[in-house]
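The values are calculated or read from the model by the stated rules, or taken from the named source; none is laboratory data. Computed from a predicted model, the values in this text were never measured in an experiment. Heads up, the Cβs are rebuilt from the backbone with ideal geometry, glycines too, and the neighbour counts pull from every protein chain shown. These area figures cover heavy atoms from the full protein model, side chains too; ligands, DNA and RNA do not enter into them. Shrake-Rupley method; radii C 1.70, N 1.55, O 1.52, S 1.80 Å.
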Amino acid sequence: MSLDKILAISGKPGLYELKTQTRSGFLAESLLDGKRLSVSIRHNVSVLSEIAIYTFTEEVPLREIFKKIYEKENGEQAINHKESKDKLEAYFSEILPDYDEDRVYASDMKKVVQWYNILQSKGMTDFSEPEVEETSDEEE
């Protein structure tokens with residue numbers, strides 16, 4: 001399962017899998033409890049493949065951070081997202097040593113760790129870059 005189909009919906013806990021598009025928005029299924037939810041286009045929705053974390057040099061895509069957590073934890077669960085701010089910051093600096101402390105908040109770290117644990121518990125641990133079909137523009 002690609003991160004292109006995994007959503008974070010503002011005001012709703014956990015992560016959701018995009019199921020289908022509707023006239024007024026789309027239908028998503030919770031990865032936590034399997035309940036389906038109709039989401040209107042007025043909701044603030046983020047696709048995990050579009051999220052990145054600030055470092056001092058660049059923005060690192062979430063998939064790369066998930067990969068680093070996966071490697072650090074040997075495919076197991078990460079620390080609990082309810083750990084103290086200091087523990088989360090220490091953990092995050094192990095994963096991404098040059099993250100920008102001024103722009104990456106403890107709440108962001110909590111979300112990343114929580115999202116990783118949700119995906120890991122569902123066996124969605126393929127964080128590789130999706131294959132992009134190459135189109136050739138052969139003009140004669």
Candidate cut points under GluC sites (Glu not before Pro) in the range 1-103, DSSP loop plus at most 15 other Cβ atoms within 10 Å of their own Cβ, are GLU58, GLU73, GLU76, GLU101
Solvent exposure, largest accessible area first (probe 1.4 Å, DNA, RNA and ligands not counted), of HIS43, HIS81 | HIS43, HIS81
Using a 1.4 Å probe, what is the accessible area per residue for the range 17-140, in Å²?
-> 68
For LYS35, the net charge from surrounding residues (Cβ-Cβ under 14 Å; K, R +1; D, E -1) works out to 0
Theoretical ellipticity at 222 nm over the chain - DSSP helices of four or more residues, -39500 (n - 2.57) apiece, nearest 500 | -8500 deg cm²/dmol
The chain, accessible surface, carbon-and-sulfur percent (1.4 angstrom probe) = 43
Convert each backbone phi in the range 15-32 into a coupling constant with the Karplus relation 6.51 cos²θ - 1.76 cosθ + 1.60 (shift: θ = phi - 60°), then list the ³J(HN,Hα) values in order as whole Hz, x for Gly and Pro.
-> 10, 9, 9, 5, 9, 7, 8, 10, 4, 9, x, 7, 10, 10, 10, 5, 7, 7
Inter-part gap, Cα centre of the range 14-32 to Cα centre of the range 38-63, in whole angstrom, is 16
